[in-house]
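No lab work stands behind these numbers, since they all come straight from the coordinates. Please read all numbers here as calculations on a predicted model, not as lab measurements. Quick reminder, even Gly has a Cβ in these numbers, built from the backbone with ideal geometry, and neighbours come from all protein chains shown.
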Amino acid sequence: MEFNTNFVLGCSAIGAGLAVIAGIGPGVGQGIAAGHAAAAVGRNPGAKGDVTGTMLLGQAVAETTGLYGLLVAMLLLFVKPLAK
């Protein structure tokens, strides 16, 4: 069965675009986390170190989702799907 090269490359480009959308979630989540952390420090300034450490750890974990989406997009764009 013969595939049309342009069709496969087009589908790869669409898939890469959808994979990059995965970067929206971590951005929103990190903004919400930073806002809540700022509010927590405002209520209890003595817990600044604990709140900041926990927030940064959570943001690092959330950022991996965006990085995985970027990795998938790069693979879809630059790996030759029809190379023989």
Output ³J(HN,Hα) for the stretch 55-67: one whole-Hz value per residue in order, computed from phi by the Karplus curve 6.51 cos²θ - 1.76 cosθ + 1.60 with θ = phi - 60°, and x for Gly and Pro. 5, 5, 5, x, 5, 5, 5, 5, 5, 4, 4, x, 5
Do the sum for the chain: with -39,500 (n - 2.57) for every DSSP H run of n ≥ 4, divided by all residues, what is the mean residue ellipticity at 222 nm, to the nearest 500 deg cm²/dmol? -28000 deg cm²/dmol
Compute the angle between helix 5-20 and the longest alpha-carbon principal axis of the chain, please, reported from 0 to 90 degrees and rounded to the nearest 10. 0 degrees
So what's the chain giving for Rg/Rh, alpha carbon basis, Kirkwood Rh from the mean inverse pair distance? 1.29
For 26-33, 39-46, ranked highest to lowest by mean beta-carbon neighbours within 10 Å, the order is 26-33, 39-46
What is the helix-to-structure angle for 24-43, meaning the angle in degrees between its Cα long axis and the longest Cα principal axis of the chain, kept from 0 to 90 and rounded to the nearest 10? 0 degrees
